[in-house]
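J.: First the structure, then my questions, so here it is.
Derivation of every value follows stated rules applied to the coordinates shown; laboratory data play no part. Keep in mind the model is a prediction, meaning the values are calculated, not measured. Reconstructed Cβ throughout: ideal geometry from the backbone, glycine too, with neighbour counts over all protein chains shown.
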Amino acid sequence: MTRSSLPIANSNAVGMRCIRCAESFPLTDYLEGCPACAAASMPSSLQIDYCSFPAALKSHDASEWLVYPQTLLGEGNTPFYALPRLARDVGVAALSVKFEGANPTGSHKDRMSAVLVQRARVAGASTVAIASSGNAGASLAAYAAHVGLECVVVTTPKMSANWRRAIKMCGASIVMVQTPDERWQLVREKSRTGQWYPANNYLLPAVGSNPFGVDGYRAVAIELASQWQEQPATDVLVPTSRGDVLWGVAQGFCDLRSMGALETIPRVHAVEPFPRIEQVQSGADYRTSFGGMSRMTSLGGNTVAYQAIDALRKTDGSAVAVAEGCVLEDQKKLARAGLYLELSSAAGLTGLRNLVRRGVIGLEAHAVVLATSHGYKDP
């Protein structure tokens, strides 16, 4: 592919803006977040700013909306299922699932990878890289192979054999280090020297993934608004680590409201394996290290990114931690409803139960669980 035929940015994308301090920047790569916030030791990520949205967005059509809107492997437009039996079991009026496991590599990460590799090619990169426990690495490897980029996945020996095989089959390189922090250190070193174009966060305190990739998640909200039809969602449950998809979904709903396509938007809630964001909502500094262990590997990590706090603030959402044993039970219940999900993905149902018990989500609610990955990826 020649430079002239490379995908170009949506002409409505006019710049970037910090989600924390609101300072504006030109539309280009800021691999370590907002420079102004970094200088103040308050790390924060940037969002793509659009001068206007396409008219099709009013009919909840996500096409030609994102900064790099081209679909590469058929990602997006994932199924939406009603689960009435589980709704009765949980105690809400309606329960639906947005099944991201139907994406080409089986997870929501394909939305980020599709935009990321388009941006990497426009930026002149030859190699994309990611620190990953599995889903993100497998996704980026596939999309990099599709557009002819080299790919490096930095991981630890805990990565399952399923993911390692998928990554290698796509022709990507796997680099093993001993700890999650060492993954970030290596990606940081190679990215700062220009050898790798990074897909995700590599800083402590955490910032969030590449903002061009995160932009891809805004389409989830657009699709949901077209799928819930005459019964709009009141609450959306998102399994969360550092908040990439959480922020993208929340911002997508805010975009729809700002242009008049939705009068009200659902609350977007973060579901986590142990209290991190929940502690920040109770007053803890988001730059703190939060301890905890879980088998929900896709939700691991001891960091919180400001983007997660921003997502909950702008949608009046809550953070909720879930117990592993309860998630295992809900994984079985979802499977018996026909949806076999990765353990991390099944956490959304458990988070819903917890918020119903607390009275945060009412009996009249239409709750939507974002099922981020299918269960065949679990070890």
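J.: Order the peptides 35-41, 143-149 from the highest to the lowest mean number of other Cβ atoms within 10 Å of their residues. List each step's numbers first, then the result.
T.: Working: 35-41: 13.1, 143-149: 19.1.
Those peptides, ordered most packed to least, come out 143-149, 35-41.
J.: Within segment 350-371, name every residue whose backbone N is under 16 Å away from a label modeled 7 Å from Cα of residue 329 along the Cβ vector.
T.: Once the point is set 7 Å along Cα→Cβ of residue 329, 350-358 turn out to lie under 16 Å by backbone N, inside segment 350-371.
J.: Rounded, prolate or oblate, given the Cα gyration tensor of segment 47-144, with a/c below 1.5 counting as rounded?
T.: Working: a/c = 2.80, a/b = 1.45, b/c = 1.94.
Oblate shape, in that a/c is at least 1.5 and b/c is the bigger or equal ratio.
J.: Grab the Cα-Cα distance for residue 64 and residue 263, subtract it from 0.36 nm times how many residues apart they are, and report the gain in nm with one decimal.
T.: Stretched out fully, the residue 64 to residue 263 stretch lengthens by 69.4 nm.
J.: Continuing with the same structure: Once the Cβ-Cβ distance between residue 193 and residue 285 is put in as r, and R0 is 35 Å, what FRET efficiency do you end up with, to the nearest 0.05?
T.: On the way: r = 31 Å, r/R0 = 0.89.
It comes to 0.65.
J.: Right, another one. Taking 0.36 nm per residue of sequence separation and subtracting the Cα-Cα distance, how much length would be gained by fully extending the chain between residue 226 and residue 27, in nm to one decimal? Don't jump to the answer; show the numbers that get you there.
T.: Numbers: separation 199, 0.36 × 199 = 71.64 nm, distance 2.93 nm.
That works out to 68.7 nm of additional length.
J.: Still on this model: How would you rank 362-375, 240-253, highest first, on the average number of other Cβ atoms within 10 Å across their residues?
T.: On the way: 362-375: 22.2, 240-253: 28.6.
The peptides rank, most packed first, as 240-253, 362-375.
J.: Could I ask something else about it? Cut-off 19 Å, label point 7 angstrom out along Cα-to-Cβ of residue 336: give me the residues of segment 76-112 whose amide nitrogen falls inside.
T.: From segment 76-112, the list is 82-92, 95-97.
J.: Mind running the shape call on the chain? Use the C-alpha gyration tensor, a ≥ b ≥ c as the square roots of the eigenvalues: rounded below 1.5 for a/c, prolate if a/b tops b/c, oblate otherwise. List each step's numbers first, then the result.
T.: On the way: a/c = 1.38, a/b = 1.22, b/c = 1.14.
Rounded shape, in that the Cα axes give a/c under 1.5.
J.: Follow-up question, since we're still on this one. Are any of the pairs 98/377; 109/314; 109/190; 168/333; 158/333 more than 29 Å apart by Cα-Cα distance, and if so, which?
T.: On the way: 98/377 18 Å; 109/314 23 Å; 109/190 22 Å; 168/333 33 Å; 158/333 27 Å.
Among 98/377; 109/314; 109/190; 168/333; 158/333, the Cα-Cα distance tops 29 Å for 168/333.
J.: Obtain the nm distance between the two label points defined at residue 313 and residue 176 by a simple spin-label model: each point lies 7 Å from its Cα along the Cα-to-C-beta direction.
T.: In this crude label model, residue 313 to residue 176 measures out at 4.3 nm.
J.: Residue farthest toward the positive end of the dipole of segment 109-209, with Cβ of Lys/Arg at +1 and Asp/Glu at -1: which of 197, 173, 145?
T.: Looking along the dipole axis, the top candidate is 145.
J.: Ranking request for peptides 60-71, 282-293: highest mean number of other beta-carbon atoms within 10 Å first, then the rest in descending order.
T.: Numbers: 60-71: 18.1, 282-293: 12.9.
Sorting 60-71, 282-293 by mean packing, highest first, produces 60-71, 282-293.
J.: Right, another one. Given bins 5 angstrom wide, list per bin the percent of all Cα-Cα distances in segment 162-318, short to long.
T.: Once binned at 5 Å, the Cα pair distances of segment 162-318 give 2, 9, 15, 18, 18, 15, 11, 7, 4, 1, 0.
J.: Also, I was wondering about something else. Between segment 51-94 and segment 134-207, what is the separation of their alpha carbon centroids in Å?
T.: Segment 51-94 and segment 134-207 have Cα centres separated by 28 Å.
J.: Starting from the Cα gyration tensor of segment 109-209, take the square roots of the eigenvalues, sort them a ≥ b ≥ c, and report rounded, prolate or oblate (rounded when a/c is under 1.5, otherwise prolate if a/b is larger than b/c, else oblate).
T.: Numbers: a/c = 1.59, a/b = 1.07, b/c = 1.49.
Since a/c reaches 1.5 but b/c is at least a/b, the shape of segment 109-209 is classed as oblate.
J.: To the nearest Å, what is the center-to-center distance of segment 247-325 and segment 96-115, using C-alpha atoms only?
T.: 19 Å
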